[in-house]
Amino acid sequence: MWQNEWEQLSEKDREQFMKVLNRLFQCTFIVREEIDQKSKTVVINKDFRFIERYYTLFKNYLKVSGWELQLDNYLGVIALYNRYGYSRHRLNKHVTYFLYILRLIYEEQREKLSMRKEALTTIGEIVEKMFHLGLIEKKPADTVLRESLSVLRNFNIIERIEGSWTSPETRLVIYPSILLLVTNEKITALYQWLKQDGSGDEAGEEEADEDLTEDALD
């Protein structure tokens with residue numbers, strides 16, 4: 001039982017356990033390698049290592065309250081899911097479009113990735129693909145760019161390397177957590193929707209939001 005493992009922790013590790021657990025609830029995904037904002041380089045995430053070290057304790061503790069913890073060592077991602085479908089985060093249509101474009105970009109670069117699991121892109125490339133797929137007819141407003149990408153950053157799907165959220169030259173890292181969030185089936189569903197309603201009109205956008213984001217984040 002998790003109680004026995006908990007009793008064996010030091011006071012320092014108990015405090016760290018609670019901090020990391022709260023961050024996990026906040027972010028849903030924790031990646032092994034992340035961008036350090038000071039050095040702008042990829043570093044090992046200490047929270048990931050802590051969960052990895054006490055994985056059995058985290059898993060058993062969360063299971064009692066209906067949560068499942070997934071550890072994917074190949075991708076370097078830890079994900080939290082609710083078995084009963086509670087605590088879902090509904091994404092609006094703008095965030096959904098950005099999410100799927102990022103997933104497509106990640107898929108395009110996937111074969112080129114070797115040891116590294118992160119992909120690179122820019123704000124300009126994302127917006128260009130949205131135009132190409134008929135999702136938008138004009139550049140998204142700065143507030144839409146800033147708010148939509150910030151949502152995905154909060155869930156450890158992307159990270160900004162440098163620059164502002166509204167600059168086309170701003171570089172982003174796409175974390176492998178996007179593979180757990182957006183499955184191949186959802187990419188296919190988006191493609192089929194684009195073929196049928198790819199005009200980018202308001203009605204089509206609302207339908208895509210309803211169909212594709214209902215269970216996007218658990």
Those residues of segment 136-178 which are farther than 18 Å from Arg88 by Cα and among the aliphatic types (A, V, I, L, M), in sequence order:
Ile136, Ala141, Val144, Leu145, Leu149, Ile158, Ile161, Leu172, Val173, Ile174
Extreme residue, farthest from Gln70 (Cα to Cα), among residues of segment 142-200 that are part of a loop (DSSP other than H, G, I, E, B) and at pLDDT below 80
Ser199
Where residues in segment 47-86 are small (Gly, Ala, Ser) and exposed (fewer than 11 other Cβ atoms within 10 Å of the Cβ), which of them is modelled with the highest pLDDT?
Ser65
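Residues checked against (1) of a type in the set (Ser, Thr, Tyr); (2) loosely packed, with under 14 Cβ neighbours inside 10 Å; (3) without any contact (Cβ under 8 Å) to a residue 12 or more places away in the chain:
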residue: Leu99; (1), (2), (3): no, no, no
residue: Leu102; (1), (2), (3): no, no, no
residue: Val127; (1), (2), (3): no, no, no
residue: His132; (1), (2), (3): no, yes, yes
residue: Glu137; (1), (2), (3): no, yes, no
residue: Leu145; (1), (2), (3): no, no, no
residue: Ser148; (1), (2), (3): yes, no, no
residue: Ile157; (1), (2), (3): no, no, no
Those strands (runs of 3 or more DSSP E) lying entirely in segment 47-123 with at least 1 residues more than 24 Å from Val144 (Cα to Cα) and of a type in the set (Asp, Glu)
67-72
For residues in segment 30-46 being crowded, with 16+ Cβ neighbours inside 10 Å and in a loop (DSSP other than H, G, I, E, B), which is nearest to the chain's Cα centre (by Cα)?
Arg32
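Any residue at all in segment 109-118 that's more than 30 Å from Trp6 (Cα to Cα) and touching a helix residue (DSSP H, G or I) at 6+ places or on another chain (Cβ under 7 Å)?
Looking for residues that are more than 30 Å from Trp6 (Cα to Cα) and touching a helix residue (DSSP H, G or I) at 6+ places or on another chain (Cβ under 7 Å), one finds none in segment 109-118, hence no.
The values are calculated or read from the model by the stated rules, or taken from the named source; none is laboratory data. Everything quoted here is computed from the prediction, not taken from an experiment. Cβ atoms come from the backbone with ideal geometry, glycine included; neighbour counts cover every protein chain shown.
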